[in-house]
Amino acid sequence: MSKVCGNILSTPRGPLPRNQLEFLLRMRLPRTALTLGLAMLLAWLAGRWLGSMPRREGTAVPVSKFLDASLALLGLLLGFTFSLAIMKFDQRRLALLDDTNAIGDFYTCATLLKDPVRKQLQSVVRDYTRLRVHLASGQISPAEFENALERRLYF
């Protein structure tokens, strides 16, 4: 019997090997946001402290509105870049979750079949899942993945 626990497919022999995306799936967003917020606050305080230090005579930096506007635009550009990166990560995470759920559902539906076909189909699903994990972790190339699928599906 198999079951889907979160996003990891468990088999009678235990959970499948971990891949590189597991770290990203387990990342705690509140902790990460708090850490980044504290880092930004510390950077702001350090900049304020350095800016308030007295300067030597003759080294005064003239204030430039062009520099201020350029830095503001740079900040906006960085903000939009990170926003797009986070959206892409979320889309990949959701696609992975959908794919994992589909494999688990198919494996569960295969348990409804009669015995000789059920065992064979469940074996094919387990092999396919192992191949996908190896592909995601970089242990095999996409061409090797396709060749292994063709060999397994036309047994």
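Values in this text are rule-based calculations from the coordinates and carry no lab data. Please read all numbers here as calculations on a predicted model, not as lab measurements. Every residue, glycine as well, gets a Cβ built from its backbone with ideal geometry; the counts of neighbours run over all protein chains shown.
List the residues of segment 94-113 whose backbone N lies under 18 Å from a point placed 7 Å from the Cα of S123 along the Cα-to-Cβ direction.
Backbone N within reach: 107-108, 110-113.
Given R₀ = 30 Å, what would the calculated FRET efficiency be for I86 paired with L50, taking r from the Cβ atoms and rounding to 0.05? Write out the running numbers ahead of the final one.
Details: r = 30 Å, r/R0 = 1.01.
Efficiency, rounded to the nearest 0.05: 0.50.
Roughly how many nanometres apart are two label points built 7 Å out from the Cα toward the Cβ at A143 and D99?
2.1
If I stretch the segment between R152 and L78 completely, what's the gain in nm (0.36 nm per residue apart, minus their alpha carbon distance), one decimal?
On the way: separation 74, 0.36 × 74 = 26.64 nm, distance 4.64 nm.
Full extension of this stretch gives 22.0 nm more.
Mean separation of Cα pairs under 8 Å and 6+ residues apart, divided by the residue count of segment 73-155: what relative contact order is that in percent? Mind dumping the intermediate values first?
Working: 20 pairs, mean separation 14.3, N = 83.
For segment 73-155, the relative contact order is 17 percent.
For segment 66-144, which trypsin sites (Lys or Arg not before Pro) pass both filters: DSSP loop (anything but H, G, I, E, B) and at most 14 other C-beta atoms within 10 Å?
Working: sites: K88, R92, R93, K114, R118, K119, R126, R130, R132; in loops: K114.
In loop regions of segment 66-144 (DSSP not H, G, I, E or B), the sparsely surrounded trypsin sites (Lys or Arg not before Pro) are K114.
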